[in-house]
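K.L.:
This is the structure, below, for whatever I ask next.
The values are calculated or read from the model by the stated rules, or taken from the named source; none is laboratory data. Note that the structure is predicted; figures quoted are calculated from it, not measured. FYI the Cβ positions are ideal-geometry reconstructions off the backbone, even for glycines, and counts take in every protein chain you see.
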Amino acid sequence: MITREIAEMLVKETSKVMNLNINIMNEEGVIIATGDPSRLNSIHEGALEVVKTGQLLEITSENQGQLRGTQQGINLPIHFHDEVVGVIGITGKPRMIGDRGGLVKMMAELLIKQAYMASQTEWRQRTKEMIIEELLKEEPNTSNIERWLSLLQMKLKGPFVISLIEIVDYSFSSHLLIKNTEEVIGKGKVLAGFVHVNKLLLILSEVSHEEAKKKLTNLHKEFERMQVHARLAYSSHIDHLLIINQGFCECEMALAISKSEHKVISYLDIEPEALVHQIHPKLAEPFCKRILQGEGDLNNHLDTLQAFFDSNFNIKEAAKKLYIHRNTLIYRLNKIKTESGYDPQNFNDAFALQMAIWLHKRASSPPN
């Protein structure tokens, strides 16, 4: 139970508090950490006696010669889960050590408990990430997923919503971010794990799309409170655990094509654009060129059209967004109609123009 790393930490920490030489022995009585390097890896027969009896043992000038590898001092059992997992030895005259031995023992057991809890947390998180890795495969292994979920005593039931959080900057540990995420979403209702150094994937279970939206909006607010700069995307409804990869792809697409100032993005809100982005470039290029005529004013056209479409064809609102007079906007829309043959105020023509803008945006974007 006691590794050399834990034992060395015990010696270091206890020596800071007590000006005494500390030895840590394992269950075989071997000294695995000590303030006296000459005694490292030697057998301590006093420790073997303590492991056997579970009782404190004092080594005095009278009995020192009877137990190999010992010096004057006291040896106390280190208990964990009601078992003796090692022995802590304090060198010195027993009467001079006094009650300090009990304090050192308590400190040792506390450090071991903390180390154990940390290792359990690390193990649980690694198991969660193994489940996520398996679910993101094209053909997940259901038996592995069920076994790992059973070890975690977790059940994931649909419907699901997937969220991908792109973390730009943070000073907190990954463990703390995941802990806070689980508390906001609800423990037992989310599987969270990093899929990249700065991308945290969440699988929300037994949740409606509207409930997921509320939870994830609250989560982003919590991140802002923690001063964690992040963008968050979430998928459409996913009915089955084995198609989680679909939701992950939707989130990746949502983050890739949405504006950087958008912090919480629903895939459903950008789905038409996402579908357009999947059109093969050989088909997209001639379509885009044919519609977006007038190369000299191309960028001006794009800004004008997008503002008009974002305003739901409302000329007054679009002009306000562009900081221009409504008559100027009407002039530009007429110019676009003349140059391209497509009327931005006609639904079918507007749809074609919007597709062309999205395709142009994709072509102009640097590759990932």
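K.L.:
Run Val168 past the list (1) closer than 25 Å to Glu222 by Cβ; (2) of a type outside the set (Lys, Arg); (3) touching a helix residue (DSSP H, G or I) at 6+ places or on another chain (Cβ under 9 Å) and report the number of the one that doesn't hold.
P.N.:
(3)
K.L.:
Scan the stretch 313-329 and tell me whether some residue there is over 30 Å from Ser208 (Cβ atoms), out of contact with any strand residue (DSSP E or B) (no Cβ under 9 Å at 6 or more places or on another chain), touching a residue at least 40 places away in the same chain (Cβ under 8 Å) and surrounded by 13 or more Cβ atoms within 10 Å (Cβ to Cβ). Outline the logic, then answer.
P.N.:
Step one: list which residues in the stretch 313-329 are over 30 Å from Ser208 (Cβ atoms), which gives 313-329.
Now restrict to residues that are out of contact with any strand residue (DSSP E or B) (no Cβ under 9 Å at 6 or more places or on another chain): 313-329.
Still in the list and also touching a residue at least 40 places away in the same chain (Cβ under 8 Å): none.
No, there is no match, as no residue in the stretch 313-329 is over 30 Å from Ser208 (Cβ atoms), out of contact with any strand residue (DSSP E or B) (no Cβ under 9 Å at 6 or more places or on another chain), touching a residue at least 40 places away in the same chain (Cβ under 8 Å) and surrounded by 13 or more Cβ atoms within 10 Å (Cβ to Cβ).
K.L.:
Would you be able to say whether some residue in the stretch 220-237 is of a type in the set (A, V, I, L, M), within 21 Å of the chain's Cα centre (by Cα) and not in a strand (DSSP E or B)? Spell out the reasoning first.
P.N.:
Keep residues of the stretch 220-237 that are of a type in the set (A, V, I, L, M), which gives 226, 228, 230, 232-233.
Restricting the remaining residues to those that are within 21 Å of the chain's Cα centre (by Cα) gives 226, 228, 230, 232-233.
Now drop any that are not not in a strand (DSSP E or B), which leaves 226, 228.
For the stretch 220-237, residues of a type in the set (A, V, I, L, M), within 21 Å of the chain's Cα centre (by Cα) and not in a strand (DSSP E or B): present.
K.L.:
Another question, then. Take Thr70 and decide whether it is surrounded by 17 or more Cβ atoms within 10 Å (Cβ to Cβ) and touching a helix residue (DSSP H, G or I) at 6+ places or on another chain (Cβ under 9 Å).
P.N.:
On the way: surrounded by 17 or more Cβ atoms within 10 Å (Cβ to Cβ): yes; touching a helix residue (DSSP H, G or I) at 6+ places or on another chain (Cβ under 9 Å): yes.
Yes.
K.L.:
How about the stretch 8-30: which of its residues are surrounded by 14 or more Cβ atoms within 10 Å (Cβ to Cβ), under 15 Å from Val85 (Cβ atoms) and without any contact (Cβ under 8 Å) to a residue 40 or more places away in the chain?
P.N.:
Of everything in the stretch 8-30, just one residue is surrounded by 14 or more Cβ atoms within 10 Å (Cβ to Cβ), under 15 Å from Val85 (Cβ atoms) and without any contact (Cβ under 8 Å) to a residue 40 or more places away in the chain, namely Val30.
K.L.:
In the stretch 173-203, how many are surrounded by 15 or more Cβ atoms within 10 Å (Cβ to Cβ), assigned to a loop (DSSP other than H, G, I, E, B) and either out of contact with any Ser or Thr (no Cβ under 8 Å at 6 or more places or on another chain) or of a type in the set (A, V, I, L, M) (or both)?
P.N.:
Of the residues in that region, 0 qualify.
K.L.:
Restricting the search to the stretch 330-360, which residues are in contact (Cβ under 8 Å) with a residue 24 or more places away in the chain and within 17 Å of Glu285 (Cα to Cα)?
P.N.:
Result: Ser340, Ala352, Leu353, Gln354, Met355, Ala356, Ile357, Trp358, Leu359, His360.
K.L.:
Just one of Leu56, Leu48, Leu110, Leu136 is modelled with pLDDT of 85 or more, crowded, with 17+ Cβ neighbours inside 10 Å and at negative phi; which is it?
P.N.:
Values: Leu56 fails: crowded, with 17+ Cβ neighbours inside 10 Å; Leu110 fails: crowded, with 17+ Cβ neighbours inside 10 Å; Leu136 fails: crowded, with 17+ Cβ neighbours inside 10 Å.
Leu48 is the lone residue from the list that is modelled with pLDDT of 85 or more, crowded, with 17+ Cβ neighbours inside 10 Å and at negative phi.
K.L.:
Could you list all residues from the stretch 257-283 that are surrounded by 15 or more Cβ atoms within 10 Å (Cβ to Cβ) and of a type in the set (A, V, I, L, M)?
P.N.:
Hits for the stretch 257-283 are Ile257, Val264, Ile265, Leu268, Ile270, Ala274, Val276, Ile279.
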